[in-house]
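What follows is one structure encoded as structure tokens, with my remarks underneath.
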Amino acid sequence: MANWDEDGVRARIREMAVRDPERESFGARTHRYALAPRLPETEIRAFEDSHGIALPVEYRSFVAEVGNGPAGPGHGLRALTAPRPEPDEEWAADDEWEEDRLPGRLAETFPLTDSLPGPIGAPADLTRGTLMLAEQGCGIYTRLVLNGAHAGEIWQLDPDWGGFVPVSPGFRSWYTDWLASP
């Protein structure tokens, strides 16, 4: 299923914002319960062409039909095609975002065939073939697998404690689980 109910998603995010006016829920001060405009098909296709990839349908349709971040799990969804609008603030996730956009990196095959739980140290080569979706804080990132045996799955990278493990079978369930949270 690729289509999203944009009005329904935006209504639920508005409800979440009303219930959390002080932005006390984790990440709310960062994403502010706001959704950026949808991306035009031409921009999505240009991104895919420039990186030699096809985005998983659930994520691709979200940025095309609902919005290009930021309201979402953790500190919110990172925009697909543009860096954060607050460039004067230092944020480790900005480096992850930029590294993902290095030539050829997203098109590489995701190197893991199984989860890698526990402390793993510096995971530089493990994130090839994945796209950082969100930062969870403390160097923990949620990543979308773009290709290989786990294409379309959502994995969480926590190099200090949790390793690199799958957390959702796909973008839709990961995002709608967040929408359903209290």
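Read-outs: derived from the displayed coordinates by stated rules, not from any lab. Everything numeric in this text was worked out from a predicted model, so none of it was measured. All Cβ positions, glycine included, derive from the backbone under ideal geometry; neighbour counts span all protein chains shown.
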Check: Under unit Cβ charges (Lys, Arg +1; Asp, Glu -1), what dipole magnitude, rounded to 20 debye, does the chain have relative to its Cα centre?
Finding: 460 debye
Check: So who's got an amide H within less than 5 Å of the one on VAL167, skipping anything under 5 residues away but keeping other chains? H placed 1.01 Å off N, in plane.
Finding: ILE154, TRP155, GLN156
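What is the sum of charges, Lys and Arg at +1 and Asp and Glu at -1, for the other residues whose Cβ falls under 12 Å from the Cβ of CYS138?
Numbers: positive: none; negative: GLU135, ASP158, ASP160.
Summing Lys and Arg as +1 and Asp and Glu as -1 gives -3.
Take the Cα radius of gyration of the chain and divide it by 2.2 N^0.38 Å, with N its residue count; two decimals is plenty.
On the way: Rg = 15.6 Å, N = 182, 2.2 N^0.38 = 15.9 Å.
After normalising by residue count via 2.2 N^0.38 Å, the value is 0.98.
As an exercise, identify the GluC sites (Glu not before Pro) in region 17-72 lying in DSSP coil whose Cβ has no more than 15 other Cβ atoms within 10 Å. Write down the numbers at each step before the final one.
Details: sites: GLU22, GLU24, GLU41, GLU43, GLU48, GLU58, GLU65; in loops: GLU22, GLU24.
In loop regions of region 17-72 (DSSP not H, G, I, E or B), the sparsely surrounded GluC sites (Glu not before Pro) are GLU22, GLU24.
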Notebook entry, point to check: Taking one equal scatterer on every alpha-carbon of region 52-158, how large is log10 of I(q)/I(0) by Debye at q = 0.11, 0.13, 0.16 1/Å?
Noted result: -0.32, -0.45, -0.70
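Quick check: net charge around PHE171, other residues with Cβ under 12 Å of its Cβ, Lys/Arg +1 and Asp/Glu -1? All intermediate terms of the calculation are to be shown ahead of the outcome.
On the way: positive: ARG60, ARG143, ARG172; negative: GLU58, GLU153, ASP177.
My count for the surroundings of PHE171 gives 0.
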